[in-house]
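The structure appears below as structure tokens.
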């Protein structure tokens with residue numbers, strides 16, 4: 001059995017690192033610093049790195065099929081061209097609540113961008129606003145789900161028929177039936193992480209259909225079997241990892257982003273906010289879905 005090796009990649013230090021995605025065409029990793037309004041890109045082999053400034057906060061990104069990226073910004077979506085550095089705004093979600101912003105998102109198997117919101121600083125008697133939204137190539141925005149406090153970790157089973165979504169505040173990952181054109185269906189609890197003393201943050205699914213999710217408050221990454229049982233726990237060297245994706249030439253390296261200072265969490269470890277690579281896991285990921293061209 002191979003030995004798991006965790007190393008820091010480069011020297012970048014994010015306030016709130018999030019939304020890693022592997023570009024298999026150009027063999028480089030993209031991720032964001034949500035609070036600094038930065039998109040970062042790195043070639044792990046050569047060490048070549050770039051960064052692109054966009055309006056903060058940025059919730060997440062997905063790569064576009066025609067190049068560039070689609071972004072979840074505060075109250076709406078946008079497209080970014082890495083060559084021209086031009087940001088083109090897409091429609092808003094129609095909600096200008098001062099405490100609600102778009103958060104984690106991913107492209108779905110049909111080439112649309114699915115992103116949810118987070119509602120910060122809620123009072124105990126305040127119902128969560130916002131929800132889960134889906135943007136298509138024409139710019140149309142569809143509301144898929146409501147009553148989400150802090151949505152995180154959207155991802156899809158290998159066959160695209162199951163959609164996973166965490167509410168970090170409630171410490172639950174839900175599973176839904178996902179169809180090409182219909183609404184979300186058959187909502188059920190996939191994992192309740194209350195016993196682990198942490199909500200789940202960013203997530204990805206490997207080629208075997210297991211879900212990898214970050215336990216942001218306890219410095220760990222968990223691998224959950226398709227039935228929701230814990231298959232593996234990995235201890236990270238920093239206190240607050242945030243999100244994960246598989247990358248590398250064989251999609252067998254798990255990349256992990258982290259926090260140095262967010263609105264709610266802080267870590268004074270010298271490597272906090274760094275990007276990490278976990279090797280020797282013995283599993284592979286899946287190529288990321290891309291946002292379709294219009």
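The values are calculated or read from the model by the stated rules, or taken from the named source; none is laboratory data. As the structure is a prediction and not an experimental result, all values here were calculated from the model. Methodologically, a virtual Cβ is constructed for each residue, glycine included, from the backbone with ideal geometry; neighbour enumeration extends over all protein chains shown.
For the range 41-68, name all the residues that are surrounded by 17 or more Cβ atoms within 10 Å (Cβ to Cβ) and either in contact with a helix residue (DSSP H, G or I) (Cβ under 6 Å, 6 or more places away or on another chain) or free of Cβ contacts under 8 Å to residues at least 60 places away in the same chain (or both).
41, 52, 54, 57, 58, 59, 60, 61, 68
Somewhere in the range 150-166, is a residue part of a loop (DSSP other than H, G, I, E, B), modelled with pLDDT under 95, in contact with a strand residue (DSSP E or B) (Cβ under 7 Å, 6 or more places away or on another chain) and surrounded by fewer than 23 Cβ atoms within 10 Å (Cβ to Cβ)? Write out each step before concluding.
Pass one, the range 150-166, residues part of a loop (DSSP other than H, G, I, E, B): 157-161.
Keeping just the survivors that are modelled with pLDDT under 95 gives none.
Checked the range 150-166: no residue is part of a loop (DSSP other than H, G, I, E, B), modelled with pLDDT under 95, in contact with a strand residue (DSSP E or B) (Cβ under 7 Å, 6 or more places away or on another chain) and surrounded by fewer than 23 Cβ atoms within 10 Å (Cβ to Cβ).
Please list, ordered by first then second residue, the pairs with beta carbon atoms under 7 Å, 6 or more apart or interchain, first in the range 270-294 and in contact (Cβ under 8 Å) with a residue 40 or more places away in the chain and at positive phi, second outside any loop (DSSP other than H, G, I, E, B) and surrounded by fewer than 16 Cβ atoms within 10 Å (Cβ to Cβ).
Short answer, once both residue conditions are applied: 280/5.
Determine if the range 128-146 includes at least one residue that is farther than 26 Å from residue 55 by Cα, out of contact with any helix residue (DSSP H, G or I) (no Cβ under 8 Å at 6 or more places or on another chain) and assigned to a loop (DSSP other than H, G, I, E, B).
Within the range 128-146, not a single residue is farther than 26 Å from residue 55 by Cα, out of contact with any helix residue (DSSP H, G or I) (no Cβ under 8 Å at 6 or more places or on another chain) and assigned to a loop (DSSP other than H, G, I, E, B).
Only strands (runs of 3 or more DSSP E) wholly contained in the range 169-257 count here; list those with 1 or more residues that are surrounded by fewer than 22 Cβ atoms within 10 Å (Cβ to Cβ) and in contact with a helix residue (DSSP H, G or I) (Cβ under 9 Å, 6 or more places away or on another chain).
Values: elements: 172-177, 185-192, 200-205, 211-215, 220-224, 230-235, 241-247.
Answer list for the range 169-257: 172-177, 220-224, 230-235.
Quick check: anything in the range 98-105 modelled with pLDDT of 95 or more, under 14 Å from residue 21 (Cβ atoms) and in contact with a strand residue (DSSP E or B) (Cβ under 7 Å, 6 or more places away or on another chain)?
Within the range 98-105, one or more residues are modelled with pLDDT of 95 or more, under 14 Å from residue 21 (Cβ atoms) and in contact with a strand residue (DSSP E or B) (Cβ under 7 Å, 6 or more places away or on another chain).
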